[in-house]
Structures are given as structure tokens and as C-alpha cells.
Amino acid sequence: MEPSRSVFVGGLPSKTQRFEVEKFFAKYGEVESCMLKKNLKTGRSLGFGTVTFKEEASHKKILSSLPIEYQGRMIDVKPYWTKEGLAKNTEEEMKRKLFLGYLPKGTENHHLTEHFQRHGKVVCAFVIKDLATQENR
């Protein structure tokens, strides 16, 4: 099953407004809709939602631009799957992803890409950093 023209977006700041997200993602193509999940009591964003693009090309463009930085933080952007396709996709995606711990100090995204591209195509590689110190987590 193919993904829709929508992407899941996670890790957004809690004060993020829908119009800000729409404006940010418009650089990848025309946004058809944007939905942020909110706390029903406070009305504040829970930091995740979906963005749907009008064109499939925009969907492909953002997925080929990973990782994405929004307001100084790395956010989680991935294809939004229907319920039927989610179980199959999750299993396939888990076979393609690696989590690495205890990386040497100073390891950067390009170091990971250079090392692992010897074994095949690297779609996305990034080192998670502490926002305050900018050191590897």
C-alpha cells in the first residue's frame, strides 16, 4: 500500500500554531491541510500532527529532504500511513533503521552517511544533539 500525500510531523514546540506549520511546510509545496493535535483542556499543541500536500511531488520532496529542522530543533517527519498500511510499513521500516549509541564526541551527520553508504544507499542519517549544549546525546 502506498502512503498518502500526508506526512506525520512530531517533535514540534508546544506553542506552535497551525498557521506557522503551514507556512514552514509551504516551502516544500502547496499545503492542502494541516492538523495539530491539541490538549482539549488547555488548547495547546501536543507537538504533533499531520500535513497534507496538494501534489505527490511535494510529499516526495519533503521526504527526500530529511532530516528537517524547525525552530532550532530536529523534528520527526515521516510518511503518514492509513491504518491498513501501517502494520506492514512499520515492519518494513524497522528492518531499514538503525539506532546507534555511544558515538564518539564530534560525530556529525555526514560521518554516519559516509560510513554506512559503503553498505548501501543511506536515506537519512542524523546525530541527535542536546539543544542547550549542542553536544551529542
In region 5-26, is there at least one residue being in a strand (DSSP E or B), at pLDDT 90 or above and more than 27 Å from N109 (Cα to Cα)?
no
Of (1) open to solvent by 20 Å² or more (accessible area, probe 1.4 Å); (2) under 13 Å from I75 (Cβ atoms), V9 fails just (1)
Within the set of pairs 6+ apart or on separate chains, which have a first residue in region 123-135 that is within 14 Å of R73 (Cβ to Cβ), a second that is part of a loop (DSSP other than H, G, I, E, B) and β-branched (V, I, T), and C-beta atoms under 7 Å apart?
V127/T107
Region 3-27 residues that are under 15 Å from T50 (Cβ atoms) and of a type in the set (K, R), paired with ones that are open to solvent by less than 60 Å² (accessible area, probe 1.4 Å) and at pLDDT below 90 (beta carbon under 9 Å, 6 or more apart):
R18/S45
I'd like the residue in region 15-41 that is closer than 14 Å to I75 by Cβ and of a type in the set (S, T, Y) and, out of all such residues, is surrounded by the fewest Cβ atoms within 10 Å (Cβ to Cβ).
T16
Would you point out the residue of region 42-62, among those that are modelled with pLDDT under 90 and in a loop (DSSP other than H, G, I, E, B), that is farthest from D76 (Cα to Cα)?
T42
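Conditions tested, residue by residue: (1) at pLDDT below 85; (2) open to solvent by less than 50 Å² (accessible area, probe 1.4 Å); (3) out of contact with any helix residue (DSSP H, G or I) (no Cβ under 6 Å at 6 or more places or on another chain).
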residue: S64; (1), (2), (3): no, no, yes
residue: G72; (1), (2), (3): no, yes, yes
residue: K78; (1), (2), (3): no, no, yes
residue: L103; (1), (2), (3): no, no, yes
residue: H119; (1), (2), (3): no, no, yes
residue: A125; (1), (2), (3): yes, yes, no
residue: I128; (1), (2), (3): yes, no, yes
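The values are calculated or read from the model by the stated rules, or taken from the named source; none is laboratory data. Quantities reported herein were computed from a predicted structural model and do not represent experimental measurements. Don't worry about glycine lacking a Cβ; one is built from the backbone with ideal geometry, like all the others, and counts go over all protein chains shown. We work out accessible area using only protein heavy atoms, side chains counted, and drop any ligands, DNA or RNA first. Shrake-Rupley method; radii C 1.70, N 1.55, O 1.52, S 1.80 Å.
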